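Taking it in order: structure first as structure tokens, then the write-up.
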Amino acid sequence: MAPAPAVAMPLAAEPDDADGEVDQQQQQQRDEGEPPALEGLVVGSYCHDVLLRGGRVVGETLGGAAAFVSNVLDAASPRAEEGEEEKAAFVVVSKVGHDFAYASAPAPARRPPLLCAAPTTSFHAQFSDAAASAHAPDRELRRVRACDPICPADLPDRRFAYGLAVGVAGEVLPETLERMIRLCRAVLVDAQALIRTFDGDGAVRHVALQGTPYERLLPRVAFLKASSEEAPYVGVETARRQCCVIVTEGREGCRLYWDCGEARVAPFPAVQVDPTGAGDSFLSGFAAGLLWGLSATDAALLGNFFGAVAVSQIGVPTFRPKMLQAVRQILEEKTTKLYSPCINGATCTFERSNMHDELHASLQEVAKLMSEQQPTDPADANGDICST
């Protein structure tokens, strides 16, 4: 059965037609001396997340990678104008059903989704009483409902500086990712969008990336993020020859692998409350770092920082204004904002800069502000930072 069309969503142009039109628009913009906008495209659906322990519901929250990603991009992305306080410039393409519970306060989705006839995607996360490690999951995820997939025609018909493909339930189709690659200067992909599958009971399983319809697109991807649990299915040694691969390792931080090198990036301490969204927050923090002009290894520090913040709260985290102000001040002091930073993996600077340790130390001081937030959480509190 064909997926139900999104409500009031016009069909996008075919790729060849769209490419010609948006290229003309960009050339006209350059001829008129206007700097290209740092607009991004985030593709992945919002979800209903239900947290359980011992068969008992201990929390219900807004979920889906798009929710966590938009939260961090709004908080940490550079602004085009000095003193601008509005939301960062990016579009979220997400699908939900009429049952979507977070369309308004008190915890709304930050960007409006497309409405579909199918129900909103929903996950149940059953937490284990055992302590998590970097290589062993501390929860079992089960998809109990699935909304319609996101199709190429659902994407806006214009160019973007960057794109993030962050599906969690198989909603980012191969043809949709290919369309993103054609529209975006650089695309960052979360491996869970490519390798997740679901058994008859909805339990999350992984398949090898090799042999999937996504494999052929890897050379056109700038960065691929995977958790340590997902990394064996990605095939890091093969994938690193085609794009930069980032493997998050929980409390050990993360590692970057590219064709001719690799780097380890130190973590930030956090008391884990809910690991959901840690990897999403990492990827969007990393993207924000690139937009500020950081090298990939330096940007991973910002990714680790926001991953640590994410695990310290249930659901999509609330950032303390004092903490965000301190982070932005550090970035403004240590970087030069670029109207069109190059975040294409083929030409990006990967190695750590001379200020890497200084940047880590500064963010480490800001991370102490997290201790002022002491949310009570029944799901977990094991002292680790866990990336998904």
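The values are calculated or read from the model by the stated rules, or taken from the named source; none is laboratory data. What you are looking at is a predicted structure, and each value in this text was computed from that prediction instead of being measured. Cβ coordinates were reconstructed from backbone atoms using ideal geometry, including for glycine residues, and neighbour counts include every protein chain displayed. Note: accessible area is taken over every heavy atom of the protein model, side chains too, but ligands, DNA and RNA are not part of it. Shrake-Rupley method; radii C 1.70, N 1.55, O 1.52, S 1.80 Å.
Key figures for this structure:
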{"read-out": "Residue within the range 230-248 that is among the aromatic types (Phe, Trp, Tyr) and farther than 24 Å from SER295 by Cα present", "value": "yes"}
{"read-out": "The lone exception for PRO149 - which of (1) modelled with pLDDT of 95 or more; (2) open to solvent by 50 Å² or more (accessible area, probe 1.4 Å); (3) not aliphatic (A, V, I, L, M) it fails", "value": "(2)"}
{"read-out": "Qualifying strands (runs of 3 or more DSSP E) (wholly inside the range 168-229; at least 1 residues being of a type in the set (Asp, Glu) and within 18 Å of the chain's Cα centre (by Cα))", "value": "187-190"}
{"read-out": "The listed residue being under 28 Å from VAL50 (Cβ atoms) and either among the polar types (S, T, N, Q) or at pLDDT 85 or above (or both), out of GLY277, GLY383", "value": "GLY277"}
{"read-out": "Selection count, the range 191-224, where residues are open to solvent by less than 50 Å² (accessible area, probe 1.4 Å) and over 22 Å from VAL50 (Cα atoms)", "value": "12"}
{"read-out": "Residue match in the range 6-27 (condition: touching a Phe, Trp or Tyr at 6+ places or on another chain (Cβ under 8 Å) and either within 21 Å of VAL187 (Cβ to Cβ) or at pLDDT 50 or above (or both))", "value": "no"}
{"read-out": "Flag for ARG241 being modelled with pLDDT under 95 and either farther than 30 Å from ARG145 by Cα or hydroxyl-bearing (Ser, Thr, Tyr) (or both)", "value": "no"}
{"read-out": "Within the range 334-373, tally of residues that are hydroxyl-bearing (Ser, Thr, Tyr), open to solvent by 60 Å² or more (accessible area, probe 1.4 Å) and modelled with pLDDT of 85 or more", "value": "1"}
